[in-house]
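*Asks:* I am attaching a structure below and will ask some questions about it afterwards.
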Amino acid sequence: MAVNARRRGAQRHRVVQAEAGAGGRNLFDMAVEQFHAAADRMGLDDNLRRILGVCQHQYTVNFPVQMDDGSIQVFEGHRVQHNVARGPAKGGIRFHQDVTLDEVKALAMWMTWKCAVVGIPFGGAKGGVTVDPRGLSRGELENLTRRFTAEISPLIGPYKDIPAPDVNTNPQVMAWIMDTYSMREGHSVLGVVTGKPLTVGGSEGRGEATGRGVVYAAIAAAKARGLDLTGAQVVVQGFGNVGSVAAKLSRKAGATVVGISDVTGGYYNPRGLDMAAVLDYARANGSLGGYPDADRVTNAELLTLPCDILIPAALEGQLTGANAGQVQARLIVEGANGPTTPEADAIFAERGIFVVPDILANAGGVTVSYFEWVQALQAFSWTEREINARLRNIMDQAFAATYRTAEEHGVSMRTGALICAIGRVADAVTVRGIYP
Ligand code: NAD
């Protein structure tokens with residue numbers, strides 16, 4: 001009884017956390033609300049709304065892992081496929097203590113739109129395990145990854161559903177997923193997962209692709225809004241795979257990075273942070289904690305610092321009705337998935353703050369994942385220069401199409417991107433027809 005009560009308490013805590021993370025909103029409700037706002041604008045047929053407003057497959061697993069102390073812990077994980085009309089499902093796997101089924105469903109739906117907005121032939125999926133991986137040893141992390149892979153293996157496969165990295169998962173985790181799946185198949189299946197290390201079929205440029213795409217989107221947005229990127233002040237929330245690369249490449253593009261943050265808090269230097277020193281420090285120490293050449297601010301304060309461009313690249317639900325009024329940036333380029341609630345979106349629209357939405361701004365990762373998958377299926381590899389040039393081309397085209405659509409319909413870039421994406425998915429569903 002006591003154990004069950006504790007477990008129920010923990011589950012309630014997770015739901016509260018997930019909702020608090022989305023500014024007090026259920027994340028899937030937020031994704032569905034965004035979908036209907038765009039569907040209204042484009043006059044989407046009711047039948048298509050019914051199909052696209054839900055997730056096609058959602059799979060929850062509870063699985064045991066042997067811990068180093070000999071005990072067995074049971075973890076909950078999910079794999080969700082929102083829609084596969086345009087091709088195999090594609091989407092990352094995250095390990096985080098606040099993962100819930102509704103969060104994974106929202107992220108899967110956004111993946112469908114993201115793949116469609118950049119025109120790559122995938123549907124949307126997402127996966128997650130409710131765990132704080134910082135509390136695991138390397139061996140426990142490997143056991144958890146392998147067992148979760150085995151549990152979701154009926155769903156995944158190079159022509160069915162291809163996972164990738166997300167929060168707290170990395171190329172090593174992808175290599176374990178590939179190996180586990182391959183052991184079950186009896187041969188190496190390089191195309192089952194992307195974001196792998198180069199030695200086992202990873203792609204040049206994949207590690208930096210999401211952050212690089214964010215910076216390409218920022219460059220396009222700055223140009224569209226008449227903002228000179230040289231000397232523009234940039235603030236980045238989150239200093240992981242996406243945020244650290246976005247900060248590094250923003251500096252390389254001529255901007256001044258004045259604020260950064262990670263789970264240890266925010267670091268502000270109005271004269272500009274020395275990005276090479278910051279990156280060295282984070283590499284050596286595992287986080288930004290204690291970085292000396294900056295003023296300390298909280299993560300909440302970081303979002304409202306004076307700057308031209310704000311790049312949220314941590315978690316969802318960071319920009320809400322409560323803080324959107326104090327944001328000082330002129331451009332927001334969403335590195336994270338779902339960092340802005342619909343309430344904050346409305347405030348930004350009213351205040352003339354230009355938001356490049358997640359499904360466009362952070363699509364660089366899935367785009368190069370697509371390149372990695374193509375290279376795996378062909379057993380052929382491209383150079384980093386080729387990868388980056390192809391990525392730039394796709395990001396620029398997607399930005400231009402979204403901008404055009406937003407102007408034509410008189411809507412935000414988010415709704416413009418959704419109109420482009422939903423239109424493509426709706427066309428695929430329509431032309432395929434309903435089986436049987
Ligand atoms: P990551 O685990 O590499 O990094 C996350 C970063 O956020 C870390 O620096 C962490 O310390 C920081 N962080 C965590 N909680 C925070 C908080 N409350 N305030 C400030 N910082 C906090 O994850 P990532 O892969 O960089 O993903 C970041 C976001 O980008 C997520 O929303 C993810 O879904 C999205 N995304 C990632 C990819 C990818 O290719 N990795 C692709 C598209 C979108």
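*Asks:* With θ taken as phi - 60° and the coefficients 6.51, -1.76 and 1.60, list the Karplus ³J(HN,Hα) couplings across the range 169-183 in order, rounded to whole Hz; mark glycine and proline as x.
*Replies:* With the stated coefficients, the range 169-183 comes to 10, 8, x, 4, 4, 5, 5, 5, 5, 4, 5, 4, 4, 5, 4 Hz.
*Asks:* Okay, next question. Once Lys and Arg get +1 and Asp and Glu get -1 on their Cβ, which of Gly139, Trp176, Pro158 lies farthest toward the positive end of the dipole of the chain?
*Replies:* Toward the positive end, the furthest listed residue is Pro158.
*Asks:* Could you compute the net charge surrounding Ala324? Neighbours are other residues with a C-beta less than 11 Å from the C-beta of Ala324; K and R count +1, D and E count -1.
*Replies:* Taking every other residue near Ala324 into account, the sum is -2.
*Asks:* Along the range 272-280, what does the Karplus equation 6.51 cos²θ - 1.76 cosθ + 1.60 (θ = phi - 60°) give for ³J(HN,Hα), rounded to whole Hz, x for Gly and Pro?
*Replies:* Here the 3J(HN,Hα) series is x, 8, 7, 5, 4, 5, 4, 5, 4 Hz.
*Asks:* May I ask you to evaluate 6.51 cos²θ - 1.76 cosθ + 1.60, the Karplus curve with θ = phi - 60°, for each residue of the range 311-327 and list the ³J(HN,Hα) values in order in whole Hz, giving x for glycine and proline?
*Replies:* Using θ = phi - 60°, the values come out as 10, x, 9, 10, 10, 6, x, 8, 9, 10, x, 6, 10, 4, x, 9, 5 Hz.
*Asks:* Where does the Debye-calculated log10 I(q)/I(0) of the chain sit at q = 0.11 Å⁻¹, using only Cα point scatterers of equal weight, no solvent?
*Replies:* Once normalised to I(0) and log-transformed, intensities are -0.81.
*Asks:* I would also like to ask the following. Taking Lys90 as the anchor, which aspartates and glutamates have their alpha carbon closer than 14 Å to its alpha carbon, excluding any fewer than eight residues away along the same chain?
*Replies:* Within the straight-line cut-off, Lys90 pairs with Asp161, Asp166, Glu372.
*Asks:* What does the charge count around Asp280 come to, taking other residues whose C-beta lies under 13 Å from its C-beta (Lys +1, Arg +1, Asp -1, Glu -1)?
*Replies:* Neighbour charge sum, excluding Asp280 itself: 0.
*Asks:* Further question on the same structure: Which semi-axes, in whole Å and largest first, does the equivalent ellipsoid of the range 103-235 have when worked out from the alpha carbon gyration tensor as the square roots of 5 times its eigenvalues?
*Replies:* Working through the eigenvalues yields semi-axes of 31, 17, 15 Å.
*Asks:* Between the alpha-carbon centers of the range 142-175 and the range 209-242, tell me the distance in whole angstrom.
*Replies:* Centre-to-centre distance over Cα atoms comes out at 30 Å.
*Asks:* Would you mind finding the longest exposed-site-free stretch of the chain, with exposed chymotrypsin sites (Phe, Trp or Tyr not before Pro) meaning DSSP loop and at most 14 other Cβ atoms within 10 Å?
*Replies:* Of all site-free stretches, the longest is 160-379.
All of the numbers you see were taken from the coordinates with simple rules; none came from a lab. Owing to the predicted nature of the structure, the values given are computational and were not obtained by experimental measurement. Cβ coordinates were reconstructed from backbone atoms using ideal geometry, including for glycine residues, and neighbour counts include every protein chain displayed.
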